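As structure tokens, the structure follows; a few thoughts come after it.
The values are calculated or read from the model by the stated rules, or taken from the named source; none is laboratory data. Since we're looking at a predicted model, the values are computed, not measured. Don't worry about glycine lacking a Cβ; one is built from the backbone with ideal geometry, like all the others, and counts go over all protein chains shown.
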Amino acid sequence: MTVDVQVEIVIDRPIAEVAAYAGDPSNAPEWYSNITSVVWQTPPPVAVGSTMDFVAQFLGRTLSYTYRVVELEPQRRLVMRTTDGPFPMETTYAWTEVGETRTRMTLRNRGEPAGFARLTAPMVERAMRRATTKDLERLKELVENR
């Protein structure tokens, strides 16, 4: 079963500010509640081919995985795919202008759980939706108060 979670939020800041902050993986531990660390394997800044190791806490487990940036359209879209980790996952950030000073950010996570995780995919999907909704609320708070 595929896990596919998409959430969005409107942030009261210009697209350049939102994309610069959210699109920098180094900032992920500040706004993702489950991500505890990000270590760059390639030199920053983010570019197609950039690789980072993430460590997260999710559903009581520590998860380590490596993401590679596979698409980057500055201030429009960022797509990362796991190259190593508990199950294949793709994360997409998309930014669209909502007027001159507001930005809609869409966050999508989709993947194919393997092993035991396949049996719990519906629960994982619900937990991911709750977590990513809260993460975008935290992102909004951080960016709007910068």
Of those in the range 4-37 that are surrounded by fewer than 16 Cβ atoms within 10 Å (Cβ to Cβ), touching a Ser or Thr at 6+ places or on another chain (Cβ under 8 Å) and not β-branched (Val, Ile, Thr), the residue farthest from GLU144 (Cα to Cα) is GLN6
Take the conditions at positive phi, out of contact with any Leu (no Cβ under 6 Å at 6 or more places or on another chain) and modelled with pLDDT of 95 or more and apply them to GLY49. Does it pass? yes
For ILE35: the one exception among (1) in contact with a helix residue (DSSP H, G or I) (Cβ under 6 Å, 6 or more places away or on another chain); (2) under 18 Å from THR133 (Cα atoms); (3) in contact (Cβ under 8 Å) with a residue 24 or more places away in the chain: (3)
Here are the criteria: (1) of a type outside the set (Lys, Arg); (2) modelled with pLDDT of 75 or more; (3) buried (at least 16 other Cβ atoms within 10 Å of the Cβ). Tell me which single one ALA117 does not satisfy. (2)
Which ones in the range 98-114 are modelled with pLDDT of 95 or more, more than 16 Å from the chain's Cα centre (by Cα) and surrounded by 15 or more Cβ atoms within 10 Å (Cβ to Cβ)? ARG102, THR103
Which members of the range 5-46 meet the condition of being more than 13 Å from the chain's Cα centre (by Cα) and either charged (D, E, K, R) or modelled with pLDDT under 95 (or both)? ASP12, ARG13, GLU17
Considering each of THR66, THR42 in turn, give the residue that is of a type outside the set (A, V, I, L, M), over 25 Å from LEU142 (Cα atoms) and either surrounded by 15 or more Cβ atoms within 10 Å (Cβ to Cβ) or touching a Phe, Trp or Tyr at 6+ places or on another chain (Cβ under 6 Å) (or both). THR66
Within the range 1-39, can you find the residues that are assigned to a loop (DSSP other than H, G, I, E, B), under 18 Å from GLU141 (Cβ atoms) and of a type outside the set (Asp, Glu)? ARG13, PRO14, GLY23, TYR32, SER33, ASN34
Boolean, THR83 is surrounded by fewer than 15 Cβ atoms within 10 Å (Cβ to Cβ) and among the β-branched types (Val, Ile, Thr): yes
